[in-house]
Structure formats: structure tokens, C-alpha cells
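The values are calculated or read from the model by the stated rules, or taken from the named source; none is laboratory data. Small disclaimer: the values here were computed from a predicted structure and weren't measured. Note that we place each Cβ from the backbone using ideal geometry, even for glycine, and neighbour counts take in every protein chain shown.
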Amino acid sequence: MSCKLWRTTPRIAQGIRRIDLEYVFPSGRQALAFAVKYLGLSRVHRIAIPEWSSRCVVNAVAAFATPIPMREVLNHHIQVDAVLLYEQWGWPSFKHHYPEVEARFPHAKLILDYVDSADVLSRQDLLSDVAKSGQLALVSLGKTLGFSGGGLLAAKDGLVHAPAPMQETWQHKIAESIEFGHDAMFDYVTKTYVTRLPTILSDQVMAGDCWSAFKEEAQARRNHLALAERSALSRHWPKWMFEALESEHCAPGIIPLLVSASEQITVQKRCDKLDIETACLNFNFSDHPLKLDYRPCLAIPIHGEMDEEKLNGIASVL
């Protein structure tokens, strides 16, 4: 079985706890876009976003406000109305730096992006912070549980209701994009504005206990993470990453591999042979959202679809 960077088959768990469909957004992108609206922000407001943010993130923020990369904000002392903080690939990296973020942006609202974090709904410390501070937290069912999509938005009083089905304006834009073959527009409009849940996603959400599924996925990730820690895969990790491993709140789905160009080629060849997807991406090796240290690395999946034997096979070539 192939292993992609993010989980692709749905994890369905037995149990009695269900997430009501009224709280489920069709995608994490839509949950983020709605978070911007929920905070009362519009085009005149500026939002600091992480460096190397995906197109999905940029589009979601830009749908209603003005995104600015964090490095530009810091270098040019730009005042912003909100800050998007991201646990990259599920690595807990900014909780201990809230005071400094709030001191640097005293009037900004915080949006916490946990779309890659499988343990987010079980973290009482996180949910408590959200409840006390009025922050917003984003959760992805697609990136963590392998669903066909799905996003959640947590606020002070709990999960936020997803909005009613889309307005006629966006139905018209979709029809127009189909008529003229504008694939990019169709993708943008449907993933950013359409709020009706696809049947397949509704079925996946209602098929089992999502809370238990998150718990199972988080444990599988921790098992793989422990294996990676004991191997050469972790040899260039900074101190904060090893400290994060000691916390029960650490369940990333991807690990960064910092190697030479020749080693990267060797690892990629082994991954190709094992049918494991990798990618050269930029990872912030600093755990501080205001002290950036992005470096290119090889992203290796360790989510629940990874096989321990395959992970050992990758480590063996280093």
C-alpha cells in the first residue's frame, strides 16, 4: 500500500461520540475563511500568515482580508489586525510564546491553525486557552483522519456552526467557471465558498466516533515518532523537537529530514521503492513564531498509514 504525505484513507473508529454535521465545514480552507469573517475582518484588515503558507491558506485569508507573510510583517514593523499561528505538520511549536506574540501584536486577534495536529480535540490545555482568550482554533478532518475533506472551527463557546448553504451569487460563479472551462476558478470557488457538505464526507463523519478516531490516529503517529527519534531520521532535529516528544501533546503527521543533497537522493530513491511519497518543503526549525528559521528539508510521512517496517527501511540508508 502506498503512503502519501497526508493520510488518504478515512480512519473510522467505533464509539458513541459523533460530531454533528452542523459543525462540519466542507474543508479546512472554508473553516479558515469563515474564521476571518467570524472575527469581523474584511479587506481593509491585514492578517499575518506563516511563511511558505500553502495556496489554500493564502486563498482562504485573501477571500475576505489581506494576508501578509510574517517575515514582511516583522521586518517592516507592520501592524496587523490578526495573526495566524500554525503548528506545522502537527509539531507543537508556539504555545510557550503566546506572551511574546501578544506583546508584539497587542491588538491583534489570534487564529490557531491545528489542521495537521491529530491530538487537538483531546488537548484540554489548548481548548482552555481558546475558551479564555477568545482565540479561534482550526481542525482538519481531511489532513488528520483522511476524510475526503472537512474542517472544524473552535471558539470560546465550543465548536462554531458552519454557515447555511451557499448563496445564489456563488452558484452563478460556479456555473460560469464550468461553462468557460475555468478549472482554477472552479477549484477556488467550490473550496472557499461552497458550504454544502458532499454526501461522501457526511457519510464519513457519521460512520464512526471521530473523537476516538483522532485518539487512535494520534497514538499511531506517536508510535512512529518514537521509532524515528531512535533512528538517524532525527539526527539534525533541534532541542525543542526532542522536548516536544516528551509531551503527550505531540502527534505530528510528517517529520523533517535535514540531509545533504546526495543523502536526499538516496532517501528519495528508497522511498520511491517503498511507494512512500516525499517532498522537498520548507520547515520552520524554530519553535518561535517571531524568530523564523525556515530551511528546505525532505518531508517524510509518519501518520497512521505509514508502516513501521517501511520507516525503518528509510532510516537504514542514512
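Annotations for the structure displayed:
- Per the conditions (1) among the charged types (D, E, K, R); (2) closer than 24 Å to Gly15 by Cβ; (3) in contact (Cβ under 8 Å) with a residue 24 or more places away in the chain, the sole criterion not satisfied by Lys310 is (2).
- Some residue of region 299-308 being loosely packed, with under 15 Cβ neighbours inside 10 Å and in a helix (DSSP H, G or I): yes
- Which numbered condition Ile16 fails, given (1) assigned by TED's automatic domain parsing to the domain that holds Leu136; (2) within 30 Å of Ala220 (Cα to Cα): (1)
- Residue in region 49-59 that is in a strand (DSSP E or B), in the same structural domain as Thr144 (by TED's automatic domain parsing) and buried (at least 20 other Cβ atoms within 10 Å of the Cβ) present: yes
- When the criteria are applied in full, Leu257 meets the requirement of being outside the structural domain of Tyr114 (by TED's automatic domain parsing) and closer than 20 Å to Leu292 by Cα.
- Residue pairs whose Cβ atoms lie under 8 Å apart, sitting 6 or more positions apart in sequence or on different chains, and linking a residue in region 72-99 that is free of Cβ contacts under 8 Å to residues at least 24 places away in the same chain to a partner that is among the aliphatic types (A, V, I, L, M), are Glu72/Ile78.
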